[in-house]
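Remarks on the structure that follows.
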């Protein structure tokens, strides 16, 4: 067994590309070696820094194992005539490098064919790796790749060296990117730019990590991550504080340094008068600093920061001084923007929203704000909010986008909503209005927190529904690979907010209202009719509900279909009319499947539901006496069934309904299969209809819980 090292040296790579490239290699390299029958005993270690991508593979054989493979040839009838090989058989044998006598005839589902088994000799692993290394490099994909050198190679940054070692010998690899850009492998890498400038010779593949460590390069991402965290925590403790380490920022910093060192810096305490979000954004988003706070919640900052240096630790004071000058200038700008924005109330910024385009065909953000206000009012009416609550919702809806045209948000777009909350509070707006301006953007991504105030929930739902209706109205429906307006995320957010807050909102009716208003105002740019737009949106929401129930609530797919009403328009409308009920019914169904209560009623109710579908009884009919005529009964089992269904009543409690259905199950079993069983599809139309109606009433009672016809297992 041998070890193989591949290191690709580059100019400083974007932090995100390091992660993206290594993720691709983690997928492609093991799979390639497995396909080549080389990966059975192999182990893989992937490394990366701003200036290199590397993989170390241990446990590779020196050569592929020989394999036997079966090759299918021409039909037997064409290969042999009267037992004599034809030109087709001879040509096939010659192509496979075997004698005609080695051919065999075997039957297949398409007839008799000629087959041959041949031995394929394994190739040296060195030859295979030499072929695949260029493919692994040129196959890397990413954003904003550029051409480097004279050829067609597209890569994130210029390539500078290539190391390929098989144990202690250089594996010859060459790939051409134009006359002046021929890359030839070697054992020469490069050390840290400052602490060990110049070449580094790697003697053996397995010496990679320790050889680079001696040159002040820590190639292990997890090792660097731990060093950065530990040193930042220690630095903050020196000034009695806690380092605020955002996971996303930490991951970025890991890919910005090769030899991390924490450097503690400070800034003027006067800047702590700024909102902490402004100070932290300046540090984290713009300077990649870790803020220092009094406590882990980060609410009260200290006038310190921690930067992770990639330079000489002996120059820490110089590095700190330079960074202090930079952060002072940045915070001074932030203070200027903040003070300037506060010279007028948030409402005064509304006219300037006319200058900000929401979407080219839909006009300005000011126009969108008006739509959000109207939708918020419709939601307030549905929820029967009192006068004060409705007033707060209307005010927050009007102001929720106003901070987009402030100087602070213009400089720091990530503070949208956050600054709106600050400015609204400074202007004397009710606390619930101020908080809602920030909350209406939530959740900002998967796993993010949801709005907690009723006002924030209503305005957030209104904003997301407006975006959904508007973009769908322009025909920009998400595809499997494209969702530039994050419409799936918006629909998921609406559903999750309703479920989390327990809001009983009729989404179907609300969508009708929004679509109608949108068509009235923007009909000239609509790419679909109002009817088709409404159907698309309803289907889209049902898909999101199904996905959330299956993926986040762990409900079996058939139970989800049974409550959502797949291919059942009436049931789908019911689902969108009360998404809280949909979730509760789905979770209850999963519970009774797991505890065994579903199985006893599933078979008979499912059978009844499927037969009832062949009748014409309205699915809302629950009164068996109104649609079933006992005078037409021919068997005692019909009367027993009739009496049992009559005892069901209008069960609104799911547990009670399941209990009642369990009690009726033996009666229904006897109706179908007992000694006194009946043939539902009787030749007499009147008797047939009577029996279908009897089954239909049972189905309708069961439909209070679920469409049992959609359940495929007990």
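Structural remarks
- When each of 322, 334 is tested for being assigned to a helix (DSSP H, G or I) and without any contact (Cβ under 8 Å) to a residue 24 or more places away in the chain, the lone residue that passes is 322.
- Any hit, region 363-378, residues being assigned by TED's automatic domain parsing to the domain that holds residue 527, in contact (Cβ under 8 Å) with a residue 60 or more places away in the chain and not in a helix (DSSP H, G or I): no
- Region 704-714, residues that are part of a helix (DSSP H, G or I) and surrounded by fewer than 23 Cβ atoms within 10 Å (Cβ to Cβ): 709, 710
- Selection from region 81-125 of residues that are outside any helix (DSSP H, G or I), under 27 Å from residue 36 (Cβ atoms) and in contact with a strand residue (DSSP E or B) (Cβ under 6 Å, 6 or more places away or on another chain): 98, 115, 116, 117, 119, 120, 122, 124
- Residue that is on the phi < 0 side of the Ramachandran plot, surrounded by 15 or more Cβ atoms within 10 Å (Cβ to Cβ), assigned to a loop (DSSP other than H, G, I, E, B) and touching a strand residue (DSSP E or B) at 6+ places or on another chain (Cβ under 7 Å), where the choices are 157, 193: 157
- Evaluating residue 568 against the criteria (1) over 19 Å from residue 499 (Cα atoms); (2) modelled with pLDDT under 90; (3) surrounded by 14 or more Cβ atoms within 10 Å (Cβ to Cβ); (4) in contact with a helix residue (DSSP H, G or I) (Cβ under 7 Å, 6 or more places away or on another chain) leaves one unmet condition, (4).
- Residue in region 29-51 that is in contact with a helix residue (DSSP H, G or I) (Cβ under 8 Å, 6 or more places away or on another chain), within 18 Å of residue 153 (Cα to Cα), part of a strand (DSSP E or B) and assigned by TED's automatic domain parsing to the domain that holds residue 161 present: no
- Whether a residue is assigned to a helix (DSSP H, G or I) and surrounded by 15 or more Cβ atoms within 10 Å (Cβ to Cβ) was assessed, and residue 603 passes this test.
One line per residue, one yes/no per condition, for (1) surrounded by fewer than 17 Cβ atoms within 10 Å (Cβ to Cβ); (2) outside the structural domain of residue 563 (by TED's automatic domain parsing); (3) closer than 29 Å to residue 584 by Cβ:
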site: 647; (1), (2), (3): yes, yes, yes
site: 656; (1), (2), (3): yes, yes, yes
site: 672; (1), (2), (3): no, yes, no
site: 675; (1), (2), (3): yes, yes, no
site: 680; (1), (2), (3): no, yes, no
site: 684; (1), (2), (3): yes, yes, no
site: 693; (1), (2), (3): no, yes, no
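- Top-ranked residue in region 160-177 [being modelled with pLDDT under 90 and part of a strand (DSSP E or B); ranked as surrounded by the fewest Cβ atoms within 10 Å (Cβ to Cβ)]: 174
The rows are residues; the columns are (1) closer than 22 Å to residue 377 by Cα; (2) touching a helix residue (DSSP H, G or I) at 6+ places or on another chain (Cβ under 7 Å); (3) not assigned by TED's automatic domain parsing to the domain that holds residue 431.
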residue	(1), (2), (3)
459	yes, yes, no
462	yes, yes, no
467	yes, yes, no
493	yes, yes, no
524	no, no, no
540	no, yes, no
554	no, no, no
559	no, yes, no
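The values are calculated or read from the model by the stated rules, or taken from the named source; none is laboratory data. Bear in mind that the values here come from a model prediction, so they are computed numbers and not experimental data. In this analysis, Cβ positions are derived from the backbone assuming ideal geometry, glycine residues included, and neighbour counts consider all displayed protein chains.
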